[in-house]
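**Q** So that we are looking at the same thing, I have put the structure below in structure tokens.
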Amino acid sequence: MKQYTIFIAVGVGIIGIMVAIFGLDVLKFSVATQEYDIFVDPIIDKQNLFVTGRVTIQNTGSQPLTNIHVNFGAGNTLDIKTLKSGQKILLSPPPDNPMEFVMISADHDIFVNKAYRELPKMVGMMGS
């Protein structure tokens, strides 16, 4: 009976450690650690009949970001006045845009240049 108690205690301890490690990892996404910081994720989705692009921009800092300039490439730009702390927006590049990269700049020396990442193609679920 004592062996089972020890195994249960060890198992609970290991689970507790895993929760602490993964919990801290998730916590860094929800708690701003810098005053001015930004997350940018440009995605291109190539389907059989169409191609769509979207850019996720999130203020991950503790202070508002101001004078945000989005450059989609090919001369396509967009200006956003302010993003509050934690605020997330989704943008779509213009339809004729080649969707190769996106450059984001803002006050307080914020600059991000990222290439679009392609979503994996979805394989048919019913015997394809």
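**Q** May I ask you to list the residues of the stretch 56-72 whose amide nitrogen lies under 18 Å from a point 7 Å from Cα along the Cα→beta-carbon direction of D41?
**A** 56-61
**Q** Within a Cβ distance under 9 Å of L119, other residues only, what is the Lys/Arg minus Asp/Glu net charge?
**A** Overall, the nearby charge balance is +1.
**Q** HN-Hα J couplings of the stretch 93-108 from phi, Karplus 6.51/-1.76/1.60, θ = phi - 60°, integer Hz, Gly and Pro as x?
**A** Using θ = phi - 60°, the values come out as x, x, x, 8, 6, x, 6, 9, 7, 9, 10, 10, 10, 7, 4, 6 Hz.
**Q** Amide H to amide H, which residues 5 or more places from F101 or on other chains are under 5 Å from it, using H placed in the peptide plane?
**A** Correct list: Y116.
**Q** Here's a follow-up. Kindly put R54, R117 in sequence by how many other C-beta atoms sit within 10 Å of each C-beta, fewest to most.
**A** R117, R54
**Q** Modelling each spin label as a point 7 Å along the Cα-to-Cβ direction, I'd like the T56/L90 distance in nm, to one decimal.
**A** 1.0 nm
**Q** Relative to the longest principal axis of the chain, what angle (0 to 90°, nearest 10) does the C-alpha long axis of helix 2-30 take?
**A** Between helix and principal axis, roughly 20 degrees.
**Q** Continuing with this model, one more query. Given a cut-off of under 8 Å on Cα pairs at least six residues apart, what relative contact order in percent is computed for the chain?
**A** 23 percent
**Q** Read phi for every residue in the stretch 35-48 and hand back ³J(HN,Hα) as whole Hz from Karplus 6.51 cos²θ - 1.76 cosθ + 1.60, θ = phi - 60°, with x for Gly and Pro.
**A** Listing the rounded values in order: 5, 10, 7, 9, 10, 10, 9, x, 10, 10, 10, 9, 9, 4 Hz.
**Q** Run the quick spin-label model on D107 and K2: label points 7 Å from Cα toward the beta carbon, then report their separation in nm to one decimal.
**A** 6.8 nm
**Q** Across all directions of projection, what mean area in square nanometres is found for the Cα convex hull of the chain?
**A** If you wrap the Cα atoms of the chain in a convex hull and average its projections, you get 13.2 nm².
**Q** Let me ask something additional. Order of 33-40, 102-109, 9-16 by packing, highest average Cβ count within 10 Å first? Mind dumping the intermediate values first?
**A** Details: 33-40: 14.9, 102-109: 16.9, 9-16: 10.0.
Top to bottom by mean Cβ count within 10 Å: 102-109, 33-40, 9-16.
**Q** What number of lysine-lysine pairs in the chain show an alpha-carbon separation below 29 angstrom, given a sequence spacing of 8 or more or placement on distinct chains?
**A** Going through the chain pair by pair, I get 11.
**Q** Another question, if that's okay. Could you pull out every residue, at least 5 positions away or on a different chain, whose amide H is within less than 5 Å of the one on I38? Hs are placed 1.01 Å off N in the peptide plane, and Pro or chain starts have none.
**A** Those qualifying (amide H under 5 Å, at least 5 residues apart or on another chain) are T60.
**Q** Could the peptides 44-50, 61-67 be put in order, highest first, of the mean number of other beta-carbon atoms found within 10 Å of their residues?
**A** The most tightly packed comes first, giving 61-67, 44-50.
Every number in this text was worked out from the coordinates using simple rules, so none of it is lab data. Remember, it's a predicted structure, so these values are computed and weren't measured experimentally. Positions of Cβ are generated from backbone atoms using ideal geometry, with glycine treated the same way; all protein chains shown enter the neighbour counts.
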